[in-house]
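Right, one structure below, let's go through it.
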Amino acid sequence: MTASINESVTYEGGCHCGAVRFQVVVDNHKADECNCSICKMKGFLHLIVPQDKFTLLHGEDKLTSYTFNTGVAKHKFCSICGIHSFYIPRSHPDCIDVNVRCLDGDVISRFEIVNFDGVNWEQNVHKLREKTAD
């Protein structure tokens, strides 16, 4: 079954070693690919969801956080395998940003991937905020 862009689907995912597992309900199958230094290095595909659509199933004790610049974003990663499966984004500090690449199965094709110019984040962040306000 292929999800339509507007179909609500529940996915599970996690880190490489399985120590961190989560569940996310996706209402909008659009993800952003950012070209900023950290996202490009991590290969993060951004799926920003409200906190009530995200459930950490286990592994909170295995998470480590990395912050830089303003310190608002909390880049969480598994302390065992180092995979960044989700984090709290600077653009939406009241939400969770899930890495689509960390969802179980071959589901990336279900998502529309949109390029985001994070190199010029300050000039473009309004585009991210407008999308989640829709």
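None of the figures in this text is laboratory data; all of them are computed from the coordinates on show. What you are looking at is a predicted structure, and each value in this text was computed from that prediction instead of being measured. Heads up, the Cβs are rebuilt from the backbone with ideal geometry, glycines too, and the neighbour counts pull from every protein chain shown.
Quickly estimate the mean residue ellipticity at 222 nm for the chain, helices only: each DSSP H run with n ≥ 4 gives -39500 (n - 2.57), and the total goes over all residues, rounded to 500. List each step's numbers first, then the result.
Details: 2 runs with 19 residues, N = 134.
That comes out to -4000 deg cm²/dmol.
What is the extension gain from residue 61 to residue 8, computed as 0.36 nm multiplied by their sequence separation minus the C-alpha to C-alpha distance, in nm to one decimal?
16.1 nm
Could you work out the mean projected area of the convex hull around the alpha carbons of region 60-134, in square nanometres to one decimal?
Numbers: hull surface 25.0 nm².
Taking the Cα atoms of region 60-134, their convex hull projects to 6.2 nm² on average.
Excluding same-chain residues fewer than 8 positions from residue 53, which lysines have a Cα within less than 20 Å of its Cα?
Residue 53 reaches 30, 74, 76, 131.
Can you give the extra length, in nm with one decimal, that the chain gains between residue 115 and residue 72 once fully stretched, where that is 0.36 nm per residue apart less the Cα-Cα distance? List each step's numbers first, then the result.
Working: separation 43, 0.36 × 43 = 15.48 nm, distance 2.25 nm.
So the extension gain works out to 13.2 nm.
For each of 49, 114, 20, 100, count neighbouring Cβ atoms within 10 Å of the residue's Cβ, then give the residues from fewest to most. Spell out each step's value before the answer.
Working: 49 19, 114 15, 20 28, 100 23.
Result, fewest neighbours first: 114, 49, 100, 20.
When N counts the residues of the chain, how does its alpha-carbon radius of gyration compare numerically with 2.2 N^0.38 Å, as a ratio?
On the way: Rg = 14.0 Å, N = 134, 2.2 N^0.38 = 14.1 Å.
Expressed relative to 2.2 N^0.38 Å, the Cα Rg reads 0.99.
Using modelled backbone amide H atoms (1.01 Å from N, in-plane), which distant-in-sequence or interchain residues come within less than 5 Å of residue 34's amide H?
46, 116
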